[in-house]
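Comments concern the structure below.
The values are calculated or read from the model by the stated rules, or taken from the named source; none is laboratory data. Remember, it's a predicted structure, so these values are computed and weren't measured experimentally. When we count neighbours, we look across all protein chains shown, and the Cβ atoms used for this are built from the backbone with ideal geometry, even at glycine.
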Amino acid sequence: MVSGTVYFDATGTAVKEIPDNKRVLHYSMIPAELNVPVLEFLITQHTTDTIAYLLELFLGDVNNGVRVKPQEIVVYFSYAIIDACMQAFNKCTIKTYLNLTMTVLRVGNRWRKLGNSRLFACVWHK
């Protein structure tokens, strides 16, 4: 996986609604440099734990087990996706990440020294 910017999103329009079942969402991660998905999955459990688990499985398989972290992750505004990305890529909670971000803003741009992926929430998604 390229270590630049990746886009991670989910859509409910890829799978037809199944009566008497939970909604199926199609998740996809696309590096900006490749413009094709490097990770896709369909799930009915849209929880932080489920999404983080699948992200961590993927990260463990990339490059023969050598973890490659993107510098930037662009997501739509979903608490479960944001929290899962924080857990999988940065090994922290949203609260820890926000505190770290405030420290970076107060002290100056020292983000690269911290080694964390930066997360951006796309405001165009609802």
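Some observations on this one:
- Among the conditions (1) among the acidic types (Asp, Glu); (2) touching a Cys at 6+ places or on another chain (Cβ under 9 Å); (3) over 16 Å from residue 119 (Cα atoms), the only one that residue 49 does not satisfy is (2).
- Candidate set: segment 16-45, residues that are acidic (Asp, Glu) and modelled with pLDDT under 90; chosen: the one farthest from the chain's Cα centre (by Cα): 20
- Taken over segment 70-88, the criterion of being in a helix (DSSP H, G or I) and touching a residue at least 60 places away in the same chain (Cβ under 8 Å) is satisfied by 81, 85.
- Residue list for segment 28-44, filter: in contact (Cβ under 8 Å) with a residue 24 or more places away in the chain and in a loop (DSSP other than H, G, I, E, B): 32, 33, 34, 38
- Subset of segment 10-36 [surrounded by 15 or more Cβ atoms within 10 Å (Cβ to Cβ) and within 20 Å of residue 74 (Cα to Cα)]: 10, 25, 26, 27, 28, 29, 30, 31
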